[in-house]
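Asks: Below is one structure. I have some questions about it.
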Amino acid sequence: MSRRRRVHDALAPDLDATLASIIGASILLTVVAGLVQVRYGAYEMPLETAVRALLDRAVWTNPSVLATLILGERGAATLGLSADLGVLSNPTIIVWTSRLPRVLVAAFVGLNLAVSGAVFQAITRNELASPYILGVSSGAGVAVVFTLLFSLGAYLLPLAAVVGGTAAFLLVYAVAWRGGTTPVRLVLAGVVVGTIFNSLQTGLFYFIDSNGVMRTAVAWLAGSLTGVGWPEVRVVAVPTLLVVPAALVSARQLDVLLLGERAARSLGMRVEHMRFGLSALAIVAASAAVAVAGLVGFVGLVVPHVVRTFVGSDYRQLMAGCLFAGPALVVVADVFARLALPGTQVPVGVVTGLLGGPYFLLLLRRTDSFTEF
Amino acid sequence: MPEIPLLSTTDAQPTDETEPVDDAALLASDIELGYGEEVVVDCEHLVIPDGRVTALVGPNGSGKSTLLKGLSAELTPESGTVLLDGRDVHERSVSNLARELGLLDQENDAPGGLTVEDLVTHGRYPHRGFLDPLSEDDYAAIDRAIDLAGIDHLRETALAELSGGQKQLAFIAMALAQDTDVLLLDEPTTYLDLHHQLRVMEVIRTLNDERDVTVCVVLHDLQQATRFAEYLVALEDGSVYDWGPPEEVVTEQLLADVFNVDASVRHDPDGDPHIVPRHALE
């Protein structure tokens, strides 16, 4: 046993059979749902065409075309790689400019929310914690509605969401701080600050008089991926590059934190520093997701939970599982959000709730105790 | 090293300590410990001798756990200092302290899915950098700790499947894996059945005999303390009532004054005191 341990290092969790099958199943689900998403839509194409478009030689063998698609015309131009996309076939254009980026955004959103939820569940030692537990959702919500109400510009929405969420989080921390924090005080402060901000948000809603603005606001608050493209991929991908390695590295810290504050301290952890740093990581992850998709609910709560029922509470395994299961849930949910109702789309957050909720209920009925922690 | 006065109690109890202690692993001077306004422990002088097993005894509320918190720098004293190996515990960084001083709490909690080996591995936390994988030293320490705690057969077992006593041994193994020179234990035998109480105390003895670790253990059971510890510190109302080898400290007077118990103390041929409680005093 210890020999097996000896060969892997800190960044590579034990790839035991359960974890491997979770990762495998998640990848499979993500790919299948992604293909469905890429194939179906207003522009009909057979699966073969869709796959051909994905693997289009004109894209893959041509760095400047690829760069123009992914980085946008201006981004590619700064690299001196701009290309005219007119040479591409119609299916390729549709797959590459609209359907594929949406799948990618969904995957990134799922990943970040799952990681964020997993971290918050450990920090608060509460299995029902979600990325929004420390006020992020309500802070972001107020900022978004405010931005919409005063027509400050739609391009400001991601920024507003992040600023609002972070501000609320800092406020929660300040409220909870009395020579230190405790998980319970943090959660209570989160609930109180959340309630206040939710009231503010509801109050602001009252002043919206345009139907269009109302719709946008609702889509944001429910979490929607309608109309996302490569710019959103870029927005969410950058923080994700930080979040993934940080999450894997933090796993051991989270495991020690789960032993309780006093134990963690006597093992030499600077608990307050660590807790704040880990919260900040979780906020970055949640903000990245909120910035592109709005407040997609339930993912951050349910994904770590599901993974935990399979791999146990060892965070090195749990984190690795979340990195794959999160994307799977949101990509699948977005298929329903986009394609379930002909002619219209529902916010993906509504679907994650509808998919995740019943699963959670099932879990609740089948599990004897929720006291894994 | 200058001679350290063994003890100066505020009480008038005669303290003709015999064995000279020329080395203090932990030395607390003039510490006042408390929560907010309330001072719980007020102790002029306390020595935890190097390389020995010392037991802190006293009735409920006498400040045993609080004193332990003070010694482990978890609680900052209102005044006074606690020196570990001559250096103030509060001036050390948390991780430096954790490499020299282990502390096991009275109540421990860990995710039930964790295996014993996982738990013990956490004991290596202070010795590892942020990104360091486990080194050969770490593995050796983990193996030693599990071996010493006698739970080799439970290595792969999840904590949720262990009995209370086995769980306690697993937590002790975690503290052992920390590889510290000093180990503080807060009531490690409370709530355990007799078999596991003895197991725990035997592990502590072995640790002290074989690895020369200084142990300071809070014990509820005076008889048990008498049996396993080389020194006793009896606390009464937050201050030290008496200090010394058990055969000198444990007297009928102490039981009456500190524990409010009328008892007879008999000494067996080896000189070990045996306590036979008769009834509670008003």
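None of the figures in this text is laboratory data; all of them are computed from the coordinates on show. Keep in mind that what you see is a predicted model, and the values were worked out from it rather than measured. Don't worry about glycine lacking a Cβ; one is built from the backbone with ideal geometry, like all the others, and counts go over all protein chains shown.
Asks: Counting only other chains, and only Cβ atoms inside 10 Å, what mean value do you get across the residues of A:243-253?
Replies: Counting other chains' Cβ atoms within 10 Å and averaging over A:243-253 gives 1.
Asks: Using 1/(1 + (r/R0)^6) with R0 = 35 angstrom and r between the beta carbons of residue B:88 and residue B:280, what's the FRET efficiency to the nearest 0.05?
Replies: Once the sixth-power term is evaluated, E becomes 0.30.
Asks: Let me ask another. Taking the dipole about the Cα centre of the range A:89-363, with the C-beta of Lys and Arg at +1 and of Asp and Glu at -1, give me whichever of A:153, A:105, A:135 is farthest to the positive side.
Replies: A:135
Asks: Quick one: work out the % antiparallel among DSSP beta bridges in the range B:111-255, nearest 5.
Replies: Of the beta bridges lying entirely in the range B:111-255, close to 55 percent run antiparallel.
Asks: For a quick check, take a GNM of chain B with Cα springs below 10 Å and name the residue from B:195, B:127, B:220 with the largest mean-square fluctuation.
Replies: Largest GNM mean-square fluctuation: B:195.
Asks: Among A:135-145, B:223-233, how do they line up by average Cβ neighbours within 10 Å per residue, starting with the highest?
Replies: Packing proxy ranking, top to bottom: A:135-145, B:223-233.
Asks: Under 10 Å, Cα contacts only: if you run a Gaussian network model on chain A, which one of A:88, A:148, A:134 comes out with the highest mean-square fluctuation?
Replies: Per the Cα network of chain A with a 10 Å cutoff, A:88 tops the list.
Asks: Please list, by residue number, every one of the GluC sites (Glu not before Pro) in the range A:42-140 that is coil in DSSP and has at most 14 other beta-carbon atoms within 10 Å.
Replies: Passing both the DSSP loop test and the Cβ count: A:44.
Asks: Restrict the search to the range B:161-214; then list the GluC sites (Glu not before Pro) that DSSP places in a loop and that have at most 12 other Cβ atoms within 10 Å of their Cβ.
Replies: Qualifying residues, ordered by number: none.
Asks: For helix A:63-78, what angle does its Cα long axis make with the longest principal axis of chain A, in degrees from 0 to 90 and rounded to 10?
Replies: It works out to around 80 degrees.
Asks: Just to be sure I follow: if Rg is taken over the C-alpha atoms of the protein assembly as shown and Rh is the Kirkwood radius over the same atoms, what is Rg/Rh?
Replies: Rounded to two decimals, Rg/Rh equals 1.09.
Asks: A further question on this structure: Fewest to most neighbouring Cβ within 10 Å: what's the order for A:243, B:261?
Replies: Listed from fewest to most nearby Cβ atoms, that is B:261, A:243.
Asks: Let me spell out the model: positive unit charges on the Cβ of Lys and Arg, negative unit charges on the Cβ of Asp and Glu, origin at the Cα centre of the protein assembly as shown. What dipole size does that give, in debye rounded to 20?
Replies: It comes to approximately 5620 debye.
Asks: Subtract the Cα-Cα distance of residue A:78 and residue A:61 from 0.36 nm times their separation in residues, and report this length gain in nm to one decimal.
Replies: Going from the current span to full extension adds 4.1 nm.
Asks: Also, I was wondering about something else. Relative to the Cα centre, what is the charge dipole magnitude of the range A:89-363, using +1 at the beta carbon of each Lys and Arg, -1 at the beta carbon of each Asp and Glu, and rounding to the nearest 20 debye?
Replies: Computed about the Cα centre, the dipole is about 380 debye.
Asks: What does the average come to when, for each residue of peptide B:104-115, you count the partner chain Cβ atoms lying within 10 Å of its Cβ?
Replies: If you average over the peptide's residues, the count of other-chain Cβ atoms is 6.
Asks: Counting helices only, and only those DSSP H runs with n ≥ 4, report the 222 nm mean residue ellipticity of chain B as the sum of -39,500 (n - 2.57) divided by its residues, in deg cm²/dmol to the nearest 500.
Replies: -8500 deg cm²/dmol
Asks: Treat the count of other C-beta atoms within 10 Å as a stand-in for reagent exposure and order A:184, B:40 from fewest to most.
Replies: Lowest to highest Cβ neighbour count: A:184, B:40.
Asks: By count of other Cβ within 10 Å, fewest leading, how are A:45, A:319, A:269, A:214 ordered?
Replies: Ranked by crowding around the Cβ, least crowded first: A:214, A:45, A:269, A:319.
Asks: Among DSSP beta bridges lying fully in the range B:24-280, give the percent that are antiparallel, nearest 5.
Replies: 65
Asks: Once you've got the GNM for chain A with C-alpha springs shorter than 10 Å, pick whichever of A:241, A:100, A:221 has the biggest mean-square fluctuation.
Replies: Highest fluctuation among the options: A:241.
Asks: Also: Evaluate the Debye formula for the range B:111-248 with equal point scatterers sitting on the alpha carbons, no solvent, and hand back log10 of I(q)/I(0) at q = 0.12, 0.13, 0.21 Å⁻¹, in q order, two decimals.
Replies: -0.52, -0.60, -1.26
Asks: Further, regarding this structure: Would you please classify the overall shape of the range A:89-363 from the alpha carbon gyration tensor, given that a ≥ b ≥ c denote the square roots of the eigenvalues, rounded means a/c under 1.5, and beyond that prolate means a/b larger than b/c while oblate covers the rest?
Replies: Note, shape of the range A:89-363 comes out oblate.
Asks: Counting only the backbone N, which residues of the range B:67-108 are under 18 Å from the spot 7 Å out from the Cα of residue B:39 toward its beta-carbon?
Replies: The answer is B:67-71, B:75-82, whose backbone nitrogens lie closer than 18 Å to the label point.
Asks: May I pose another question? Please report, in debye to the nearest 20, how large the charge dipole of the range A:246-325 is about its Cα centre when each Lys and Arg carries +1 at its beta carbon and each Asp and Glu carries -1 there.
Replies: Magnitude of the dipole: close to 160 debye.
Asks: With angles folded into 0 to 90 degrees, how steeply does helix A:183-205 sit against the dominant principal axis of chain A? Use alpha carbons for both and round to 10.
Replies: 40
Asks: Once you list every other residue whose beta carbon is under 14 Å from the beta carbon of residue A:337, what net charge do they have if Lys and Arg are +1 and Asp and Glu are -1?
Replies: +2
Asks: Helix-only estimate, please: 222 nm mean residue ellipticity of chain A, summing -39500 (n - 2.57) across DSSP H runs of length 4 or more and dividing by its residues, to the nearest 500.
Replies: Calculated from helices alone, the mean residue ellipticity at 222 nm is -24000 deg cm²/dmol.
Asks: What translational diffusion coefficient, in µm²/s and rounded to a whole number, does the Stokes-Einstein relation yield for chain B at 10 °C and a viscosity of 1.306 mPa s, taking the hydrodynamic radius as the Kirkwood radius over Cα pairs?
Replies: Estimated diffusion coefficient is 81 µm²/s.
Asks: How many times 2.2 N^0.38 Å is the alpha carbon radius of gyration of the range A:231-373?
Replies: Expressed relative to 2.2 N^0.38 Å, the Cα Rg reads 1.17.
Asks: Angle, helix B:136-149 long axis vs. longest principal axis of chain B, Cα atoms, 0 to 90°, nearest 10?
Replies: 50
Asks: Another one. Give me the number: length gained by fully extending residue A:85 to residue A:359, i.e. 0.36 nm times residue separation minus the C-alpha to C-alpha distance, one decimal in nm.
Replies: Additional length available on full extension: 94.3 nm.
Asks: Need one value for B:119-127: mean number of C-beta atoms belonging to other chains within 10 Å of its residues' C-beta atoms.
Replies: Partner Cβ neighbours, averaged per residue: 4.
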